[in-house]
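Participant: Structure provided below as structure tokens; questions to follow.
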Amino acid sequence: MWSQRIPEPIRGLSTATSLAIFRVEQASGNNYVFVGSTRRAVDSYRAFTLRPGPLYPLPVVCECPGCPLDDSVVHARDLLEHVLERLPVRARAELWRLVLPLDVEFRWRTLPDPHQRRHFRNMIDLDAELDPWWYDVLPCFERCAT
Ligand SMILES: [Zn+2]
């Protein structure tokens, strides 16, 4: 059921998958998972990996629903994981194919944090037990913030 509230389909995804994502967003009940948030997360993740040089993700600064999607690629990746886990199989596979090359780029271009300090935390799934691999990277501190 498409309506005017549905945002533009995500580039590279079928209409069916965009609709499945919309349904997950709409049913979410999570402050951080709102209609259009997945598209913003994909755009944010893509833009981050297109930057030149080594990549240093920023931890979340502003905790309102929207800002972290622009500020923290780690939050964007958390959101994509949250949505991926809730999509039906076919839609999940399609979104996953979009995310995978960005994951590869992220892993390749970030540095591991040698001290394994906890800089990132999951604001979407507060009871997540394990920190995902994208938390194990050296973050950007004020010095390299642009
Ligand atoms: Zn904010």
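No value in this document is a laboratory result; all are computed from the given coordinates. Please read all numbers here as calculations on a predicted model, not as lab measurements. Here the Cβ positions follow ideal geometry from the backbone for every residue, glycine too, while neighbour counts run over all protein chains shown.
Participant: What order do you get for ASP127, ASP113 when you list them from fewest to most C-beta neighbours inside 10 Å?
Facilitator: Values: ASP127 5, ASP113 15.
Ordered from fewest to most neighbouring Cβ atoms within 10 Å, ASP127, ASP113 come out as ASP127, ASP113.
Participant: Given the Cα atoms of the chain, and with Rh set as the inverse mean 1/r over their pairs in the Kirkwood sense, what is Rg to Rh to two decimals? Intermediate results must be reported in sequence, preceding the final value.
Facilitator: Numbers: Rg = 15.1 Å, Rh = 15.7 Å.
Here the Rg-to-Rh quotient is 0.96.
Participant: How large is ³J(HN,Hα) for each residue in segment 53-63, as worked out from phi by the Karplus curve 6.51 cos²θ - 1.76 cosθ + 1.60 (θ = phi - 60°), to whole Hz, x for Gly and Pro?
Facilitator: The phi angles translate into x, x, 10, 10, x, 8, x, 5, 9, 7, 9 Hz.
Participant: Follow-up question, since we're still on this one. For segment 58-120, what number results from the quotient of the Cα radius of gyration and 2.2 N^0.38 Å?
Facilitator: 1.26
Participant: Looking only at ALA91, ALA76, ALA27, which one moves most when the chain is put into a Gaussian network model with springs between Cα atoms under 10 Å?
Facilitator: ALA27
Participant: I would also like to ask the following. For LEU19 and ASP136, calculate 0.36 nm times their separation in residues minus their Cα-Cα distance, and state this gained length in nm to one decimal. Don't skip to the end; give the middle numbers.
Facilitator: Values: separation 117, 0.36 × 117 = 42.12 nm, distance 3.25 nm.
Contour length minus Cα-Cα distance gives 38.9 nm.
Participant: Starting from the alpha-carbon convex hull of segment 1-82, give the projected area averaged over all orientations, in nm². The partial results should precede the final answer.
Facilitator: Working: hull surface 22.9 nm².
Projected over every direction and averaged, the Cα hull of segment 1-82 covers 5.7 nm².
Participant: Now a separate question. Could you line up ARG121, ARG86 from fewest to most neighbouring Cβ atoms inside 10 Å? Present the calculation step by step, with values, prior to reporting the outcome.
Facilitator: Numbers: ARG121 14, ARG86 17.
By the 10 Å Cβ count, ascending, the order reads ARG121, ARG86.
Participant: Excluding GLY29 itself, what net charge comes from residues whose Cβ is under 14 Å from its Cβ, given Lys and Arg +1 and Asp and Glu -1? The partial results should precede the final answer.
Facilitator: On the way: positive: ARG23, ARG86; negative: GLU25, ASP125.
Local charge sum for GLY29: 0.
Participant: Moving to a separate point now. How far apart, in nm, are two points set 7 Å out from the Cα along the Cα-to-Cβ line at HIS115 and at ASN31?
Facilitator: Each label point lies 7 Å from its Cα, and together they span 2.9 nm.
Participant: Can you sort ILE124, ILE10 so the residue with the fewest Cβ neighbours within 10 Å comes first? All intermediate terms of the calculation are to be shown ahead of the outcome.
Facilitator: On the way: ILE124 18, ILE10 21.
Listed from fewest to most nearby Cβ atoms, that is ILE124, ILE10.
Participant: Calculate the length of the line joining the C-alpha centroid of segment 21-74 to that of segment 110-143, in whole Å.
Facilitator: 15 Å
Participant: Check which residues have an amide H placed less than 5 Å from LEU55's amide H, if you skip close sequence neighbours.
Facilitator: THR110, LEU111
Participant: Going by alpha carbons, how many degrees (0 to 90, nearest 10) lie between the helix axis of 73-86 and the longest principal axis of the chain?
Facilitator: In the chain, helix 73-86 runs at an angle near 40 degrees to the longest axis.
Participant: Sketch the reach of a paramagnetic label on CYS62 as a point 7 Å from Cα along Cα-to-Cβ, and name the residues of segment 26-47 whose backbone nitrogen lies under 11 Å away.
Facilitator: Zone members listed by number: none at all.
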